[in-house]
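For reference, the structure discussed in these notes is given below.
The values are calculated or read from the model by the stated rules, or taken from the named source; none is laboratory data. Keep in mind the model is a prediction, meaning the values are calculated, not measured. When we count neighbours, we look across all protein chains shown, and the Cβ atoms used for this are built from the backbone with ideal geometry, even at glycine. Side chains are part of the model used for accessible areas, which takes the heavy atoms of the whole protein and leaves out ligands, DNA and RNA. Shrake-Rupley method; radii C 1.70, N 1.55, O 1.52, S 1.80 Å.
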Amino acid sequence: MIVFWEPKFSVNNKQIDAEHQKLFELINLLGSHMMTGQGYVVIKDVLRDLLRYTEKHFANEEKLFKATPYPHAAMHCLEHQKLTQQVRELQKKLEKNTSGLSVEVLEFLKNWIENHILSVDYGYREWLGK
Ligand code: FEO
């Protein structure tokens with residue numbers, strides 16, 4: 001295991017928490033293979049699943065914003081677009097060269113958790129809690 005989902009990551013919404021846990025699973029799948037020098041075996045699948053995950057997860061969060069309505073939705077949606085674009089760029093890089101990319105993808109996923117869930121997603125956690 002590389003990273004664990006903990007209650008501090010909760011945004012007080014069961015569905016969204018479950019989707020975030022899927023992100024942790026993807027990180028751990030890649031991380032555990034990297035520890036045995038096999039990151040290249042799963043990296044394509046991890047990125048494919050990550051893109052599917054992001055599209056589904058971001059759409060679900062954005063539905064939630066419309067339903068509330070969340071005042072920082074526009075900024076948050078922009079962050080989603082940037083993250084999706086970053087995943088697509090990583091996929092393009094992977095088509096050209098796999099060496100060293102596992103480390104870059106793992107760092108990207110870890111930063112995503114730290115910077116997006118714990119700061120950007122936390123914004124609506126507070127909003128939903130009102
Ligand atoms: Fe959970 Fe805004 O992504």
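Using the Karplus curve 6.51 cos²θ - 1.76 cosθ + 1.60 with θ = phi - 60°, work out ³J(HN,Hα) for each residue of segment 7-22 in order, rounded to whole Hz, and write x for Gly and Pro.
x, 5, 8, 5, 10, 6, 9, 4, 5, 5, 4, 5, 5, 5, 4, 4
Mind checking which of 106, 78, 30 has the largest fluctuation in a GNM of the chain, springs on alpha carbons under 10 Å?
Largest GNM mean-square fluctuation: 78.
For every helix of n ≥ 4 consecutive DSSP H residues, a contribution of -39,500 (n - 2.57) applies; sum these over the chain, divide by its total residues, and give [θ] at 222 nm rounded to the nearest 500 deg cm²/dmol. Can you show the working numbers first?
Working: 5 runs with 93 residues, N = 130.
Computed ellipticity for the chain at 222 nm equals -24500 deg cm²/dmol.
Among 35, 10, 124, flag the residue with its Cα farthest along the positive direction of the charge dipole of the chain, charges on Cβ as +1 for Lys/Arg and -1 for Asp/Glu.
With unit charges placed on the Cβ atoms, the residue in question is 124.
What whole-number value in Å² describes the accessible area per residue of segment 13-128 for a 1.4 Å probe? Write down the numbers at each step before the final one.
Working: 6330 Å² over 116 residues.
So segment 13-128 comes to 55 Å² accessible per residue, rounded to a whole number.
Given a 1.4 angstrom probe, I'd like the percentage of the accessible area of the chain that is carbon and sulfur, rounded to a whole number.
Carbon and sulfur atoms account for 54 percent of the accessible area of the chain.
Heavy-atom accessible area of residue 9 with all protein chains present, probe 1.4 Å, nearest 10 Å²?
Ignoring ligands and nucleic acids, residue 9 comes out at about 10 Å².
Ordering 112, 5 from largest to smallest accessible area (1.4 angstrom probe), what's the sequence? Present the calculation step by step, with values, prior to reporting the outcome.
Numbers: 112 10, 5 75 Å².
Correct descending sequence by accessible area is 5, 112.
Taking the Cα centre of the chain as origin and charging only Cβ (+1 Lys, Arg; -1 Asp, Glu), how large is the dipole, in debye to the nearest 20?
On the way: 17 positive and 17 negative charges, 52 e Å.
So the dipole magnitude of the chain works out to roughly 260 debye.
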